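Here's the structure we're looking at; comments come further down.
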Amino acid sequence: MNPLRLDTAILSADGKELIILDQTLLPGKVKYLSLSRIDDIWEAIYSLRVRGAPAIGVAAAYGVYLTSAQLETQDMAAFCAHFRTQKDRLSSARPTAVNLSWALNRMEQVLEENKALLTVPQMKERLKAEAHAIREEDVAISRGIGQYGFQLLRPGDGILTHCNAGTLATAKYGTALAPVYIALEQGWSDLRVYCDETRPLLQGARLSAFEMHSAGVDTTLLCDNMASYAMARGLIDIIFVGCDRVSANGDFANKIGTSAVAILAKHYGIPFYVCAPSSTIDPSIPDGAHIPIEERPGSEVTEMWYEKRMAPEGIKVLNPAFDVTDHRLITGFITEKGVVTAPFFEGFQALGLC
Ligand code: MRU
C-alpha cells in the first residue's frame, strides 16, 4: 500500500461530512469515519483518530465549516454567533499544537472580512473554499519541507525520527518524513529510517513504522530508551522530528521524548533538525516555557495496549503528551521556504515565516 494514498482528513463529495482515517486502528485496520456532529469531530481530535499538528488544523477547518453550515438561517449575525460556538468547542480539543487555533482563526478571519459583503449561503461557500485552501496549502508546504530536507541527506543515511510526522500527520507527505518520500521519488533506495516507538501512544510503532515500511523503506523500530544505543553504535547520521508549536526564540514543543532525543544528539554530535511548516510557528509565544502542554489520562501509561494493567492500582502517573526542546539543541529548522539556523527568530523573519 502506498501511504501517500491515505487521506487523513477530507470533505465528502457532497460536502456534508468530514472523512477521516481512524489512526487509532492503524496499523491493523485502514478504516475511514464519516463525521458531521461537532461532538464527534471534537472526540476524533481529542482521541487522536486524526492527529499530527497540520492534520489537526485541516480537520478543524473542515469541522468548523461543516458544523456552522448546518445552521439554516439567512441572518448573518446568527450565523456568526453559531460559527463562534463551533470554533470555541473545537479549539478546546487539544491545547499544544498551534495549528488547531491557527486554522480556526484563519477561518474566523474569513468570516469577519466578509460578513458585511456576503449572504449566508455565499459565506458558507467561502468558508468551504478556505478549508480546502488550508488543506491544499498543507500539501504544498509539506512537499517544500521534503525538498529542503532531502538536500541534507546523503545516500545510505540512517535517519532517526520520533513520534509520527509523516503523511499521516499532514494532508500529504508529512514534515519529518517528507524528505524520505522525496528521496524515494528520486530513486534512492538505501536510506534507513529508525522509528522511536514513542511511548505511551506508540505513534512511532503504529504510524511511522507502518508508513515507512509500506513505502518500501528500510525501517527499524526501536524503543525510546534505545536511541542512545543506536547513536553510540553509529547507526544514526541525522535526526528529523516534527513540531507542534515553535516559539519565537526557537524552543519548540513536540511529542514527549523529543527533548531527550535532542540532548542525546548533542552528546553524540548528530545533526538534529526540526521540520516546521509556517503554520506551526507561533511568534506570540516568546519561549518554550509559555507553550501549553497537554496532560493526558494516566491509563494511557498503565493500561493501554496491555492485556492487563501493568502498574499497581492507586499510583500517580505523569503523562504529558509533549515536551519542550531548548533551541540551543537544534541544528536547524527545515521550513517550506528554506532551512533556518540560529538566531531563529531573525531567520524566521528573514524568510517571511512570521
Ligand atoms: O499527539 P500527536 O500524535 O498529535 O503528536 C504529534 C506530534 O507530536 C508530531 O510530531 C507533530 O504534530 C508534528 S506532525 C507533522
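Assorted remarks:
- Positions within segment 1-31 being touching a strand residue (DSSP E or B) at 6+ places or on another chain (Cβ under 8 Å) and either assigned to a strand (DSSP E or B) or at pLDDT below 95 (or both), in sequence order: A9, I10, L11, L18, I19, I20, L21
- The residue that is nearest to V98 (Cα to Cα), among those in segment 252-306 that are within 11 Å of the ligand (Cβ to nearest atom) and surrounded by fewer than 20 Cβ atoms within 10 Å (Cβ to Cβ), is E294.
- Check on G158, in contact (Cβ under 8 Å) with a residue 24 or more places away in the chain, surrounded by fewer than 24 Cβ atoms within 10 Å (Cβ to Cβ) and more than 20 Å from T220 (Cα to Cα): no
- Segment 234-251, residues that are more than 11 Å from the ligand (Cβ to nearest atom), among the aliphatic types (A, V, I, L, M) and under 17 Å from D282 (Cα atoms): A248
Okay, residues lined up against (1) within 25 Å of A165 (Cα to Cα); (2) in a helix (DSSP H, G or I); (3) within 16 Å of the ligand (Cβ to nearest atom):
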position: R89; (1), (2), (3): no, yes, no
position: R94; (1), (2), (3): yes, no, yes
position: S101; (1), (2), (3): yes, yes, yes
position: Q122; (1), (2), (3): no, yes, no
position: R135; (1), (2), (3): yes, yes, yes
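- Residues in segment 63-110 that are crowded, with 17+ Cβ neighbours inside 10 Å and of a type in the set (S, T, Y): Y65, T67, S68, S91, T96, S101.
- Condition met for L202 (closer than 30 Å to G15 by Cα and among the hydrophobic types (A, V, I, L, M, F, W, C)): no
- Residues located in segment 191-211, provided they are in contact with an Asp or Glu (Cβ under 7 Å, 6 or more places away or on another chain) and either within 10 Å of the ligand (Cβ to nearest atom) or among the charged types (D, E, K, R) (or both): R192, D196, E197, T198, R199, L201, G204
- Residue check for V139: within 16 Å of the ligand (Cβ to nearest atom), in a helix (DSSP H, G or I) and among the β-branched types (V, I, T): yes
- For segment 311-326, the set of residues classified as more than 16 Å from the ligand (Cβ to nearest atom) and in contact with a helix residue (DSSP H, G or I) (Cβ under 6 Å, 6 or more places away or on another chain) consists of A311, V317, listed by residue number.
- Here the strands (runs of 3 or more DSSP E) wholly within segment 275-354 that include at least 3 residues being under 30 Å from P27 (Cβ atoms) are 322-325, 332-335.
- Test result for T85, within 13 Å of the ligand (Cβ to nearest atom), on the phi < 0 side of the Ramachandran plot and not basic (K, R): no
- Criterion applied to E113, E137, E125 was being free of Cβ contacts under 8 Å to residues at least 24 places away in the same chain and closer than 18 Å to C243 by Cβ, and the one residue passing it is E137.
- Among the conditions (1) out of contact with any Phe, Trp or Tyr (no Cβ under 7 Å at 6 or more places or on another chain); (2) within 24 Å of I291 (Cα to Cα), A77 misses just one, which is (2).
- Residue match in segment 331-341 (condition: within 22 Å of the chain's Cα centre (by Cα) and of a type in the set (D, E, K, R)): yes
- Scanning segment 231-244 for residues that are within 20 Å of G149 (Cβ to Cβ) and outside any loop (DSSP other than H, G, I, E, B) returns M231, I238, I239, F240, V241.
- Checked against the criterion of being away from the ligand (no atom under 16 Å from the Cβ) and not in a helix (DSSP H, G or I), the candidates S68, S34 yield just one match: S34.
- Matching option when the condition is assigned to a helix (DSSP H, G or I), free of Cβ contacts under 8 Å to residues at least 12 places away in the same chain and aliphatic (A, V, I, L, M), among A131, A81: A81
The values are calculated or read from the model by the stated rules, or taken from the named source; none is laboratory data. Values in this document were obtained by computation on a predicted structure and should not be read as measured data. Cβ coordinates were reconstructed from backbone atoms using ideal geometry, including for glycine residues, and neighbour counts include every protein chain displayed.
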